[in-house]
1. So what's Rg/Rh here for region 164-280, counting alpha carbon atoms and using the Kirkwood radius for Rh?
2. According to the Cα gyration tensor, what semi-axes, each the square root of 5 times an eigenvalue, does the equivalent ellipsoid of region 144-219 have, listed from largest to smallest in whole Å?
3. Could you give the length gained by full extension between H98 and E234, i.e. 0.36 nm per residue of separation minus their alpha carbon distance, to one decimal place?
4. Quote the relative contact order of region 127-280 in percent (integer), defining contacts as alpha-carbon pairs under 8 Å separated by 6+ residues.
5. Can you give the longest stretch of the chain with no exposed loop site, where a site means GluC sites (Glu not before Pro) in a DSSP loop (not H, G, I, E or B) with at most 16 other C-beta atoms within 10 Å?
6. Before anything else, pin down the relative contact order of the chain: Cα pairs under 8 Å, at least 6 apart, normalised by residue count, whole percent.
7. For the chain, with every protein chain kept in place, what is the accessible area per residue (1.4 Å probe, Å²)?
8. At a threshold of 8 angstrom on Cα-Cα distance, excluding pairs fewer than six apart, so keeping six or more, what relative contact order does region 1-101 reach in percent?
Amino acid sequence: METGPSRTAMAAAVMRGRHRLEDAPPPVFDDPFALDLVGPVWRRFAARGDASRGKAARRELTGGILVRSRYAEDRLALGGQRQYVILGAGLDTFGWRHADPGGALRVFEVDHPDTQGWKRERALAAGLAPPPAVVEVPVDFEVSTLREGLDAAGFAWEQPAFFSWLGVTMYLTLGAVEATLRTVSECAAGSEVVFTYGRADQHLDAVGREVGATLSEAVARVGEPLRTRFSRDEAEALVRRCGLGVAEHPDRDELVARYFAAREDGLRPYTAEGLIAARA
Ligand SMILES: C[S@@+](CC[C@H](N)C(=O)[O-])C[C@H]1O[C@@H](n2cnc3c(N)ncnc32)[C@H](O)[C@@H]1O
């Protein structure tokens, strides 16, 4: 990310927010706060996104954005860890959707300071009080390490943690991706990370290629160029060389069967982003 708050984080939040407005229930992922958090400018994001790609590509991009959040939060619920670290949180609203002031789950939102500052201002403007369980951890993955950020935030290294890292690795250099995964591998046994990665072109179907091409042009224009891409095998090799084990690596068909089977509205994940769960 080159400068200012993340535009891609806003675009992803707009897709999550529109889902509950525009698609028939049940939602794949329900986010009642997303559009308020983005603010009235969400309509401009929506119009620009709609104009820039065909209908199938729009539906699959939305499906991918929804399913990565749903999948991560499902795995968090299954894992039962008491620390949830949201890496590159963007406009993630977990803290508001799961407001549980006396609860046992501590939530760390790690993000670029520019995006965090903007989110704080937007939350204030939208009348959303800071969620009590959430600790902000300002980290630029290219400049400082996740370990330094978590140390300063009071993270308990001796306790297992769940990390989500959704829609972020593709914007980072390989060195920053590896350093962050290595930090996760140094966490207590039972820790897990769910992350997404950009898929290499030769593994995409036609809609995936359209999404990949329109996304890479759009994100470069807003100063967030795509930097890393992997095949399925390369993603698993990355996980292993960073000291983690592959827990689950669902392909698109598995995600469709799990989350989209009953839908007839064209929603399903695109092939240009892979989703993997890895364990310490
Ligand atoms: C596409 S958004 C995804 C946001 C959120 N995870 C979601 O799924 O909606 C990318 C996020 O990565 C963050 N990011 C990009 N480069 C970063 C960097 N070098 N250090 C920290 N965060 C970064 C941005 O601030 C933004 O929040």
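The values are calculated or read from the model by the stated rules, or taken from the named source; none is laboratory data. Owing to the predicted nature of the structure, the values given are computational and were not obtained by experimental measurement. Glycine gets a Cβ as well: all are built from the backbone with ideal geometry, and neighbour counts include every protein chain shown. Just so you know, the surface numbers come from the protein's heavy atoms only, side chains and all, with ligands and any DNA or RNA stripped out. Shrake-Rupley method; radii C 1.70, N 1.55, O 1.52, S 1.80 Å.
1. 0.99
2. Numbers: eigenvalues 190, 35, 19 Å².
They are 31, 13, 10 Å, listed from largest to smallest.
3. Numbers: separation 136, 0.36 × 136 = 48.96 nm, distance 3.47 nm.
Extra length from H98 to E234 when fully extended: 45.5 nm.
4. Working: 214 pairs, mean separation 43.3, N = 154.
Taking the mean separation of contacting Cα pairs over the length of region 127-280, I get 28 percent.
5. Working: sites that count: E2, E142, E158, E186, E264.
Value returned for the longest uninterrupted segment is 3-141.
6. On the way: 480 pairs, mean separation 62.4, N = 280.
For the chain, the relative contact order is 22 percent.
7. Working: 12090 Å² over 280 residues.
Normalised by residue count, the accessible surface of the chain is 43 Å².
8. On the way: 68 pairs, mean separation 37.1, N = 101.
Across region 1-101, relative contact order equals 37 percent.
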